Amino acid sequence: MGWYIGRRLLQMVPVFFGATLLIYALVFLLPGDPILALFGERPASPAAVAELRERYNLDEPFIVQYLLFIKGIFTLDFGESFSGRPVIEQLAEAFPVTIKLALIALAIEAVFGIAFGFLAGLRRGGLFDSTVLFLSLVVIGIPVFVLGFTAQYLFGVKWGVVDPTVGGDPTFAELLLPGAVLGALSFAYVLRLTRNSVAEALSADHVRTATAKGLGRPRVVTVHVLRNSLIPVVTFLGADLGALMGGALVTEGIFNVPGVGRLLYQAVIRSEGPTVVSVVTVLVLVYLLANLVVDLLYAVLDPRIRYV
Amino acid sequence: MSETTVRPGQEHYVAPLDTTPLAAVDAVDESTPSASLWGDAWKQLRRRPLFIVPSLIIVLLIVVALFPSLFTSVNPRYQELSRALEGGSEGHPLGFTRLGTDVYARLVHGARASISVGLITTAIVVVVGGVVGALAGFFGGWIDALLSRLVDMFFALPLILGAIVMLQALQGRNVWTVALTLSLFGWPQVARIMRSSVLQVRGNEYVTAAKSLGLGRFSTLARHVLPNALGPVIVIATISLGTFIAAEATLSFLGIGLPSSVVSWGGDISNAVPSVRTDPWILLWPSIALSVTVLSFLMLGDALRDALDPKGRTR
Amino acid sequence: MSSFEKDDEQSGSRRVGLVSRGPVITRRAGLAGLLGAAAVTTLAACGGSEEEGSGGTEGGGSGGDVIANGTEPQNPLVPTSTNEVGGGRLLDSLWAGLVYYQADGSPQNDVAESIESADAQNYTITIKPDQTFSDGTPVTAQSFVDAWNYGALGTNAQLSSYFFEPIQGFEDVQAEPPVAQTMSGLQVVDDTTFTVALTQPESDFPLRLGYSAFYPLPASAFDDMAAFGESPIGNGPYKLAAPDAWQHNVRIDFVPNETYTGPRQAQNDSLAFVFYETYDAAYADLQSGNLDVIDNIPPSALATFQDDLGERAVNQPAAVFQSFTIPQNLPHFSGEEGKLRRQAISHAIDRAQVCETVFQDTRTPAKDFTSPVIDGYSETVPGSEVLAYDPEEAKRLWAEADAISPYTGTFTIAYNSDGGHQEWVDATAAYIRQTLGIQAEGAPYPTFAALRTDVTNRTITGAFRTGWQADYPGLYNFLAPIYATGAGSNDGDYSNPEFDALLNQAAAQTDAAASNELLQQAQTILFEDLPAIPLWYSNVTGGSSEAASDVQFGWNSVPLYYQITKS
């Protein structure tokens, strides 16, 4: 087990280099000259443009830019954005907020998704199943920005239950509504996955055996059905954590959460290579660690899977 | 790099062929396995309303997408700005959009782009993600390590960054560029799910049995592992189909979706957003079209999954 | 929901740069006051800085703690490196310039005692004695000269260096590498006096001096400009509540600066800017009382905000001009054929209908190339009939052009799709398509940078959207930088010697009325050639909470924050 984890951690090294190179290349390929854009529609002075290009290494060939960036990382210097602010400071501001938001979203989608999906799967075709099917359709059919604006308007403005926006250093309670909106789409996935896994497991041999053995239904469905149904669900949730953190752009915009989604979007729009790559690097690490946890959970959920 | 170990008591002793009557049974199984799998599935499907109803809806949607002019003669892009947000009237049953174009005509003409985006993206995602995931999960070892790390790299890709670069690289915005862009972000998820599902299935007794009986590795994968591992992938694919159509709306919302010259439900949803508080009905129609499509594919996926599950079929 | 800072125009114009802020409204004042005294220009004549500051000199009225919307500044808070409204509005509260603009755009002296010139080319600027920065160090002539030299020096890479271009010696400090560290045109005479020599007469130069690029800097700034930009020290009505009061991406807190003795005395106890990514979020906060004043209404609320806010809603013309530019070298759009086609396109667009439907009357159909809030504006410039919606005339002109050379291809209007422009571009393209019977489409660019790069490199293959928010309230600023031959923002490469000559004559005129008269003649030429198709003026839309009062918007669409009080 320890050996296995060690190997997995080691494998993150090539992923780190591969992902940073890929992202840096994509930023390099972004259309438009970021320095010219800084000047808006006003004339850009050639002297200033030349100075800025040099300052941000933009006058170097792509691979040199990348290597300079990697060199910086090893001295914990993640570079600067075009505003002159160190990227590391911006990461330190944005990530705590987004981690909170993503964890809340993950908890909401996991708890409700698994619970509803489990109940729906037990009685497929029943009233409850049809109701949650409709619910998940609503979530899928309505894009997140519509859902977010509507939720904000109803809860924040019309009924005044919560503040419509969140701002800096939010509490968990403040993040409940944005978290629910962010997790809504994934909730539909978790629900459908759980429902189908449960339905499938109900007809599996070991469940029939357990039932035949005379085990009570509650024990059969919780231990034998649910546990075995969770593998695809847990896989999905593990991969989703990273996606929730990086993909919260729209939700963060609606509720004014100063998080990673916004940081990433602004950096992409402005072609700020170091910022984009740094944010993505952290996201990759989160994603890899989450997946490692998921893979370890496989062994817990399915005794036939062992890691050596 | 996960290795499955077979627990004590789970391994089977297989006697030499000439000493067991099992050989005859195996021979039959191997001669017609896939024909009967799909054949049986079809036999069962064509009698089930849960399959027939969504299939009919999907056929209708496809007809609408292929021949929109059968259903409306109104130009979906003709703008009468002074009639913006007007309600339904003679010749314009569903009223007008924010820019005074006909809601019904746009609904009909939007089917093609939206369904194309959904289908193309889903197809690419399932094929690419499915193959990668299945290979990684089934073979394990260095293949798994390599493919899984590749998946990891793509997971990190921010949608907006990839989308802008793709739009630039492919020189244009159309159904294909949008579908390719969305695929770029969709396939790693399917690969992960497929891998985990294969991991689970390949530990099953019948897989061990097939292997023990000398079936080739690819044949085992194709005949015994894949059909049984497809369940979660079909679930993800059928939901994704809808979310891809909706994702096109989000791309439009971010300004990197289909151009205005291509009518689509996603674009119309995005365009209707500023009116969501005052005239929510213009947002409702494309949303309903999207939901009905998603529902149909979901139900179809469910039915298909049931039919493909040998155990479900016997019930 | 436009938004992600994606503005709709407002943020479009923030990229545009100009920071100016201050709001709008009537169109008197301006140059008239500045240049009225024939040969000698004296700002002091405009009067009354003493009477203006009714709040006393203590700093800090009893007006409560005001919260306004803002956006995270894109640059450090250094006057010459800020060229967008997010940072600009903060600078205008933290600093006092030589002059400031009243709500109607008329300039008043702030730090300046007088600004004088006999020839519109050589200026003598005298500042009031005993002015200090918020850290107690004195504001002297040297503070201005050093700050301007810093801003102009090429190796400092300041985004607003373009404002110093008229000053003698600018070319030397902008050379690569610089052949001088300071501009020869700036000379300190004594602690309160300095002179400015320009390379040619620019009669509206004094009017520009309220723009943030011309603010002074304390000596301590030059030790570490990066640290200064994080925690700036100015001489304006406000100062930072604490050295670390700028919480990035969240908010920034100001308190009144008790050492400020000028006319813009803070009437409130504190002023905070909360940074929003979208105006939708800010509007939701305004409605629920978490925000006191908002300076732009999101598209989702345009239809309802006047009902939502009642008398607290603001919707008035502003100094923002919107158009699309058809490059001179676009096939079929040059020469006589081009003139006909440009006029046909202009006649094909129903501006009033677009303003009413798409913008819910928060845009005002254009009648010229400037803005109704600028002194000298006229709705009836000869030639402006070409802006009238007239489908028949449009078809006739287009057919006439087709007789010269038949049109083929698709007419495109490029825009950046991260800016909320899609709707009006679609509506405008549809008018062209349906009126002229040709292919016409919007051409979305994913980012502002992508669009600007194609425009700057002249690789764009169609028309493109253009907007201009004035840097300072003068007609000249709407014309010279965009349509003069070879001008910095002349992205369509328009060139007409007759037009250039009129501009030069206007710049040399020290009489405002005469200058404006020449500029209107110049506009008549533009209406003939239509280098850009004027569309509309962006109104300033905004509003305030029930608790806030004395909310007034300046000529540049930004509220006069120092006046706001709260119960």
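Do you know which residues across the stretch C:475-494 are part of a helix (DSSP H, G or I) and within 19 Å of residue C:333 (Cβ to Cβ)? Those that are part of a helix (DSSP H, G or I) and within 19 Å of residue C:333 (Cβ to Cβ): C:482, C:483. I'd like the full set of residues that are within 11 Å of residue C:346 (Cβ to Cβ) and among the polar types (S, T, N, Q), limited to the stretch C:379-427. If the condition is that a residue be within 11 Å of residue C:346 (Cβ to Cβ) and among the polar types (S, T, N, Q), then C:384 is the only one that fits. Of note, residue A:53 satisfies the criterion of being basic (Lys, Arg) and more than 9 Å from chain C (Cβ to nearest Cβ). Applying the criterion of being of a type in the set (S, T, N, Q) and touching a Gly at 6+ places or on another chain (Cβ under 6 Å) to the residues of the stretch C:383-417, the residue that is modelled with the lowest pLDDT is C:417. Tell me, please, whether a residue that is more than 29 Å from residue A:192 (Cβ to Cβ) and surrounded by fewer than 18 Cβ atoms within 10 Å (Cβ to Cβ) can be found in the stretch B:174-185. Yes, the stretch B:174-185 contains at least one residue that is more than 29 Å from residue A:192 (Cβ to Cβ) and surrounded by fewer than 18 Cβ atoms within 10 Å (Cβ to Cβ).
Grab the helices (runs of 4 or more DSSP H) fully contained in the stretch A:200-299, keeping just those with 1 or more residues being over 23 Å from residue A:112 (Cβ atoms). Step through it out loud before you land on a result.
Numbers: elements: A:205-212, A:227-246, A:249-255, A:260-269.
Once the helices (runs of 4 or more DSSP H) in the stretch A:200-299 are filtered for at least 1 residues that are over 23 Å from residue A:112 (Cβ atoms), what remains is A:205-212, A:249-255, A:260-269.
Exactly one residue among A:170, A:164 is more than 23 Å from residue A:141 (Cβ to Cβ), touching a Ser or Thr at 6+ places or on another chain (Cβ under 6 Å) and within 14 Å of chain C (Cβ to nearest Cβ), and that residue is A:164.
Every residue, every condition in (1) more than 9 Å from every other protein chain (Cβ to nearest Cβ); (2) without any contact (Cβ under 8 Å) to a residue 40 or more places away in the chain; (3) not basic (Lys, Arg), yes or no:
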| residue | (1), (2), (3) |
| --- | --- |
| A:235 | no, no, yes |
| A:238 | no, no, yes |
| A:241 | yes, no, yes |
| A:245 | yes, no, yes |
| A:266 | no, yes, yes |
| A:270 | no, no, no |
| A:275 | yes, no, yes |
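Checking each residue in the stretch A:277-308 for being farther than 20 Å from residue A:95 by Cβ and either touching a Leu at 6+ places or on another chain (Cβ under 6 Å) or within 14 Å of chain C (Cβ to nearest Cβ) (or both) picks out only A:301.
Taking (1) outside any loop (DSSP other than H, G, I, E, B); (2) among the small types (Gly, Ala, Ser); (3) within 10 Å of chain B (Cβ to nearest Cβ); (4) more than 23 Å from residue C:494 (Cα to Cα) in turn, residue C:443 satisfies each apart from (4).
Just the residues that are within 14 Å of another protein chain (Cβ to nearest Cβ) and either at pLDDT 95 or above or touching a His at 6+ places or on another chain (Cβ under 8 Å) (or both), please, taken from the stretch C:232-244. Spell out the reasoning first.
Quick first cut of the stretch C:232-244, residues within 14 Å of another protein chain (Cβ to nearest Cβ) only: C:232, C:244.
Within the stretch C:232-244, C:232 is the sole residue that qualifies.
Taking residue B:163, is it out of contact with any Ser or Thr (no Cβ under 7 Å at 6 or more places or on another chain) and within 26 Å of residue B:254 (Cα to Cα)? Here the answer is no, as residue B:163 does not meet what is asked.
Residue B:226 passes every criterion in (1) buried (at least 24 other Cβ atoms within 10 Å of the Cβ); (2) part of a helix (DSSP H, G or I); (3) in contact (Cβ under 8 Å) with a residue 60 or more places away in the chain apart from (1). Restricting attention to the stretch B:262-301 and to residues that are within 8 Å of chain A (Cβ to nearest Cβ) and part of a loop (DSSP other than H, G, I, E, B), the residue that is surrounded by the fewest Cβ atoms within 10 Å (Cβ to Cβ) turns out to be B:277. Can you spot a residue in the stretch C:260-283 that is in a helix (DSSP H, G or I), facing chain A (nearest Cβ under 9 Å), among the aliphatic types (A, V, I, L, M) and buried (at least 20 other Cβ atoms within 10 Å of the Cβ)? Yes.
Based on what the data block shows, is residue A:154 within 13 Å of chain C (Cβ to nearest Cβ), loosely packed, with under 15 Cβ neighbours inside 10 Å, in a helix (DSSP H, G or I) and on the phi < 0 side of the Ramachandran plot?
On the way: within 13 Å of chain C (Cβ to nearest Cβ): yes; loosely packed, with under 15 Cβ neighbours inside 10 Å: yes; in a helix (DSSP H, G or I): yes; on the phi < 0 side of the Ramachandran plot: yes.
When the stated conditions are applied, residue A:154 passes them.
The residues listed here are C:117, C:134; of these, the one that is more than 26 Å from residue C:259 (Cβ to Cβ) and in contact (Cβ under 8 Å) with a residue 40 or more places away in the chain is C:117. Taken together, the residues in the stretch C:156-191 that are outside any loop (DSSP other than H, G, I, E, B), under 29 Å from residue C:132 (Cα atoms) and not small (Gly, Ala, Ser) amount to 12.
The values are calculated or read from the model by the stated rules, or taken from the named source; none is laboratory data. No experiment lies behind these values; they were computed from the predicted model shown. A quick note on method: Cβ atoms are made from the backbone with ideal geometry, for glycine too, and the neighbour counts reach across all protein chains shown.
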